[in-house]
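Values in this text are rule-based calculations from the coordinates and carry no lab data. The shown structure was predicted, so the numbers you read here are calculated from the model rather than taken from an experiment. Cβ placement follows ideal geometry from the backbone for every residue including glycine, while neighbour counts extend to all protein chains displayed.
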Amino acid sequence: MFAIAFAVVLCLMVSVEAKFPEDPKPCKYGDGECIMKLCNTLFSENSAEGDPGLNLMQLDPLKVDRMVISQGESSSPVGITLTFTDNLLYGIKDQRIVKVKGFGRDLTAKHEVKIVTKTFSLVGPYNIQGKVLILPISGTGQSNMTMVNVRAIVSFSGKPLVKNGETYLDVTDLKITMKPESSHYHFSNLFNGDKALGDNMNVFLNENSEAIYKETAKAIDRSFGKLYLGVVKGVFSKLPYAKFFADES
Ligand SMILES: *[C@@H]1O[C@H](CO)[C@@H](O)[C@H](O)[C@H]1NC(C)=O
């Protein structure tokens, strides 16, 4: 799911690291079609086996050191704190950008990227505390949270930052909204390893996954937004904004 902005970011990063490959050619300001094709080409060419030259090895799976999904609105039937540590996110290699807006000369304008992904699986150690409807839930173990056919929109804006006479894009605001067609959960070792309770809870979560996702979507988007802000900021602080485009003069 949060591969999303990462796609763009990574794709920009790759272009930068590789000093803009001759083919595909880099894009002009605001040429969304070109930016989309460039990113998707870099993806499909490089992600299947990884390309050490382009530093794409660790893209899929992607390491997620720590992510907290915290849903505490009292009006919601779901109140949980779900912490993932040292997880791996699978699925980035199959994601595709379907629309790019922004990236014009005015770097303060809104930039937006739409992405579709077949599956995203976040896999690894988890800790959960809280309640789902009237049921208390708690556990520490291994989990797999999977989302299928995810449509995501990443949007961000920023302000100009002048360093050594060159203008950089300082990304100040980034939002992600993700809409999976379906979601699936598996938490091992719930309730201190009580197998009957744990199995029942996993069945319950999956039978109600649509409602549960809805209740936690904002919290999930927030967590991924934070992660992405750091990454996108990093990319645009690497080079002056104009250097990302073909018509830089
Ligand atoms: C995670 O779960 C999905 C199905 O919900 C499965 O397809 C996938 O293989 C699982 N991933 C891992 C690494 O166990």
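Where the centroid of each part is defined by its Cα atoms, how far is region 197-249 from region 84-132 in Å?
4 Å
What's the magnitude of the charge dipole for region 109-249 around its Cα centre, counting Lys and Arg as +1 and Asp and Glu as -1 at the beta-carbon? Answer in Debye, nearest 20.
Numbers: 17 positive and 13 negative charges, 62 e Å.
For region 109-249, the charge dipole is close to 300 debye.
Could you work out the local net charge near LEU107, counting Lys and Arg as +1, Asp and Glu as -1, over the other residues with Cβ closer than 10 Å to its Cβ?
Counting the neighbours of LEU107, the net charge comes to 0.
Name the residues of region 135-160 whose amide N is less than 20 Å from a point 7 angstrom out from the Cα of ALA109 along the C-beta direction?
Once the point is set 7 Å along Cα→Cβ of ALA109, 153-160 turn out to lie under 20 Å by backbone N, inside region 135-160.
Return the ratio Rg/(2.2 N^0.38 Å) for region 58-157, where Rg is computed over Cα atoms only.
Details: Rg = 16.9 Å, N = 100, 2.2 N^0.38 = 12.7 Å.
It is 1.34.
Just how many % of Cα pairs in region 195-237 lie over 16 Å apart, if you round to the nearest whole percent? Write out the running numbers ahead of the final one.
Details: 521 of 903 pairs.
Looking at region 195-237, the distances longer than 16 Å represent 58 percent of pairs.
Once label points are set 7 Å from the Cα along Cα→Cβ at both ASN200 and ASP86, what is their separation, rounded to one decimal in nm?
Computed distance between label sites ASN200 and ASP86 equals 3.3 nm.
First select every other residue whose beta carbon is under 14 angstrom from the beta carbon of LEU227; then total the charges, Lys and Arg +1, Asp and Glu -1.
+4
What nm distance separates the two modelled labels at ASN149 and LYS179, each placed 7 Å from Cα along Cα→Cβ?
1.2 nm
What FRET efficiency do you get for LYS28 and ARG66 if R0 is 41 Å and r is their Cβ-Cβ distance, rounded to the nearest 0.05? Intermediate values should be presented prior to the final figure.
On the way: r = 39 Å, r/R0 = 0.94.
Calculated value: 0.60.
Just rank LYS214, LYS195, fewest to most, by other beta-carbon atoms within 10 angstrom.
LYS195, LYS214
Give the span of region 107-249's Cα atoms along each principal axis, as three whole-Å numbers ordered largest to smallest.
Rounded to whole Å, the extents work out to 66, 26, 22 Å.
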